[in-house]
1. Restricting to the stretch 1-28, what's the tally of residues that are in a loop (DSSP other than H, G, I, E, B) and exposed (fewer than 13 other Cβ atoms within 10 Å of the Cβ)?
2. Restricting to the stretch 34-48, count the residues that are surrounded by 15 or more Cβ atoms within 10 Å (Cβ to Cβ) and not in a strand (DSSP E or B).
3. Which of the numbered conditions does C31 fail, given that it passes all the others? Conditions: (1) surrounded by 14 or more Cβ atoms within 10 Å (Cβ to Cβ); (2) more than 8 Å from the chain's Cα centre (by Cα).
4. What about E45, is it at negative phi and modelled with pLDDT of 80 or more?
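The values are calculated or read from the model by the stated rules, or taken from the named source; none is laboratory data. Keep in mind the model is a prediction, meaning the values are calculated, not measured. Here the Cβ positions follow ideal geometry from the backbone for every residue, glycine too, while neighbour counts run over all protein chains shown.
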Amino acid sequence: MPVFVYVHTSKQVGDAEHIKVFASVDAAEKCFEENAPEGIAFEYEVLE
């Protein structure tokens, strides 16, 4: 099962808003649409 990771590139590492992990593509897309100029989003497969 993949998760979707959003990295807010204008935030500093360690900032609570720097990285967000989503369980659904819908939630990730909403965040990306609201913040697209300031970040990137990608899919990441969860390892067992």
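1. The total comes to 10.
2. 1
3. Result: C31 fails condition (2) only.
4. Criteria met by E45.
Results for (1) touching a helix residue (DSSP H, G or I) at 6+ places or on another chain (Cβ under 8 Å); (2) hydrophobic (A, V, I, L, M, F, W, C), shown as yes or no for each residue.
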site	(1), (2)
V3	no, yes
Y6	yes, no
S10	yes, no
D15	no, no
A28	no, yes
C31	no, yes
